[in-house]
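The structure appears below as structure tokens.
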Amino acid sequence: MTQISAAIAATLTESLHLAQPPVAVCFTDTVPDGVRRWEGRAPAGCLFWQKAATGVFATVPADHDLCAIGTYTHNLEATPAHEKERGAALKVFADLGYVREQDLPLIPVLAKRARHVVYGPLAEVPLPPDVVLLFVQADQTLILSEASQQIEGGLPPAMGRPACAVVPQAINSGRTALSLGCCGARAYLDVLTPDVALYAVPGQRLAAFTERVAALARANSVLTTFHQIRRRDVEAGKRPTIRESLAAMAPQG
């Protein structure tokens with residue numbers, strides 16, 4: 001599995017020119033031998049996405065305990081005290097007009113509960129990924145959305161808060177999803193800069209999706225050059241035909 005995942009990760013990184021490696025999120029009841037346990041404290045579960053770029057590790061629900069919303073979207077076991085904290089958080093959100101009572105049923109939640117969540121670079125995880133997260137910019141999202149249309153039909157959803165809901169959305173629907181992030185994730189993750197969004201790919205579609213991404217990335221590269229040449233020629237006062245623009249792309253020997 002690791003060799004296949006590593007090949008897919010390399011293709012995605014090369015095709016999209018990713019600045020961050022694809023990150024795998026795996027929900028499991030059993031942690032494979034050799035996977036280290038997370039040590040430390042995280043202000044929110046989304047921080048694990050950033051930490052996962054540097055190595056594979058396993059978490060338990062208590063490691064996510066400081067984010068009452070993340071444990072909700074990921075359907076992680078929670079103590080009564082944690083449930084009370086979630087109620088307090090939702091009251092603050094409601095008072096701000098951020099999350100209303102009628103918004104709650106619209107937030108995706110994982111259907112199945114797992115005892116552990118394993119995070120790591122896609123190229124290294126020893127488990128089949130349930131979701132692969134890509135930190136992408138607008139031009140990279142273009143290729144991903146094109147692949148989504150061709151593989152899945154329809155348009156990928158662009159989601160807002162909470163960013164962690166993109167994980168259950170991709171798993172529950174079996175379709176890719178785009179998250180624009182949320183103010184919390186953008187506060188906790190240094191890699192989630194203002195020009196970066198998250199794209200989630202369900203593990204079951206990863207191979208087919210990556211194949212289309214590679215093909216579309218090559219096509220977009222060629223077509224970008226084509227349009228740049230046409231812009232140059234039109235701005236110079238010319239009226240090039242398609243054939244003339246194609247000919248201008250050919251290497252000059």
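Summary table below
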read-out: Cβ-based charge dipole, region 2-221, positive-most Cα from A208, H82, N220; value: H82
read-out: Selected from V25, V118, V99 as most flexible by GNM, with the chain as the system and alpha-carbon contacts under 10 Å; value: V99
read-out: Qualifying lysines (Cα of each under 25 Å from Cα of K84; at least 8 residues distant if same chain); value: K112
read-out: Charge dipole (debye, nearest 20) of the chain; +1 at Cβ of Lys and Arg, -1 at Cβ of Asp and Glu; value: 480 debye
read-out: Max mean-square fluctuation residue, GNM over the chain, Cα-Cα springs under 10 Å, options G70, G203, G184; value: G184
read-out: Residue-wise HN-Hα coupling along region 227-244, computed from phi with Karplus coefficients 6.51, -1.76, 1.60 (Hz; x: Gly, Pro); value: 5, 5, 5, 5, 4, 4, 6, 5, 5, 8, x, 8, 10, x, 7, 4, 5, 5
read-out: Region 1-91: GluC sites (Glu not before Pro) falling in loop per DSSP and having at most 16 other Cβ within 10 Å; value: E39, E77
read-out: Degrees separating the helix 80-96 axis from the principal Cα axis of the chain, which is the longest one; value: 50 degrees
read-out: Residue (of L192, I151, A165) at the positive-pole extreme of region 147-253, dipole from beta-carbon charges; value: I151
read-out: Overall form of region 135-228 per C-alpha gyration tensor (a/c, 1.5; a/b vs b/c); value: oblate
read-out: Loop-located trypsin sites (Lys or Arg not before Pro) in region 53-100, at most 16 other Cβ atoms within 10 Å (DSSP); value: R100
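Readers should treat all values here as calculations from the given coordinates under stated rules, not as data from a laboratory. In this text, all values refer to a predicted model and were calculated from it rather than measured experimentally. A quick note on method: Cβ atoms are made from the backbone with ideal geometry, for glycine too, and the neighbour counts reach across all protein chains shown.
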